[in-house]
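FYI, it's all coordinate maths here, none of it is from the lab. For clarity, every value in this text was computed on a predicted model and none was experimentally measured. Every residue, glycine among them, receives a Cβ derived from its backbone with ideal geometry; neighbour counts consider all protein chains shown.
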Amino acid sequence: MVEELGGLSVVAFESRRAVEFARLLAHHGARYVPAPALREIPLADQPEAHRLFDEIEQGRVDALVLLTGVGTRALIDAASLRRPQTEVLALLGRIPLIARGPKPVAVLREFGLRARARAPEPNTWRELLEELDRTLPVQGLRVAVQEYGRPNRRLMEGLEQRGAETMSVPVYRWALPEDTGPLENAIERILSGDADVVVFTTAIQLDHLLAVAADRKAAVLEALRANVVIASIGPSATEALRERDLEPAIVPAHPKLGYLASAIAEQAPGAIARQRGADEPDGARSRTRAR
């Protein structure tokens, strides 16, 4: 077994793929600390999804932006509760479908649909708007946007600045986990210095971490800036961190968990040593094991 991390404490807020991520980090010798920060709750009756398909049928939607694979699938599944799935897919086939990244593209392919355009990496709202400028100028168009837990305000503003009328289509939302104990434990570790690396895999995890911290929110933010190395995957998570003046030291080249685990293994010891003033990464490792 490779042990680049030598027992470093890695706090991760991932929920859906926590077991897989724990296994990947354990392979590199990390001391994995699970702190799931959210649970996904489908909206009860998906009124926005049904309204979207009504308006596509009426010719009142000119394009649909799909931001996540999970949301794309949820949108199709929700609409298929009221219409035959063949009809749902036929309606989607009437309009240009714009994908933020590879996951919506993969889901569309499963259903026999194709994206008219796809934002290049790193798949942020900026690349998405630039791709639309190149392939589908939105001046005068009504553009629906499938949301993914938290509204993408900058994307919506960018579309409206380009002369589009926008329509938000949230198809699922996030809630705190029913058991916030692991998240509270993570907060204690961050504040006490017993966390070497913290890992954010979606933007809403930071919101929930700070919500649970409550009146200790400012202290948690300061500890994150000063005492730990932050790893982030995906453009939305990285952008949310930077909005709080938190700069991730580790951002993998590709937004996948395997790449993230490898990047942590390769970069965390050196980043910790630099942060704590040690000359060699081994200094960080020895301090961690001595806790």
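So the values come out like this:
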item: Karplus (6.51, -1.76, 1.60) ³J(HN,Hα), θ = phi - 60°, over the stretch 64-71, in Hz, Gly and Pro reported as x; result: 10, 9, 10, 9, 9, x, 4, x
item: FRET efficiency, 1/(1 + (r/R0)^6) with R0 22 Å, evaluated for Glu243 and Ala214 via beta carbons; result: 0.65
item: Calculated [θ] (222 nm, deg cm²/dmol) that DSSP helices of n ≥ 4 give over the chain, each run adding -39,500 (n - 2.57); result: -14500 deg cm²/dmol
item: Label-to-label distance, nm, for residues given as Glu121 and His50 (7 Å Cα→Cβ offset); result: 4.1
item: Cα convex hull of the chain - mean projected area over all directions, nm²; result: 16.1
item: Charge dipole (debye, nearest 20) of the stretch 41-174; +1 at Cβ of Lys and Arg, -1 at Cβ of Asp and Glu; result: 240
item: nm² value of the averaged projected area, convex hull over the Cα atoms of the stretch 41-174; result: 7.1
item: Equivalent ellipsoid dimensions for the stretch 161-205 as semi-axes, Å, which come from the Cα gyration tensor, largest first; result: 35, 16, 7
item: Within the stretch 107-129, backbone nitrogen closer than 20 Å to the virtual label 7 Å beyond the Cα of Thr86 toward Cβ; result: 109-114
item: Charge dipole magnitude, Cβ of K and R +1, D and E -1 - the chain, Cα centre, debye nearest 20; result: 320
item: Degrees between helix 125-135 axis and first principal axis of the chain (Cα, 0 to 90, nearest 10); result: 30
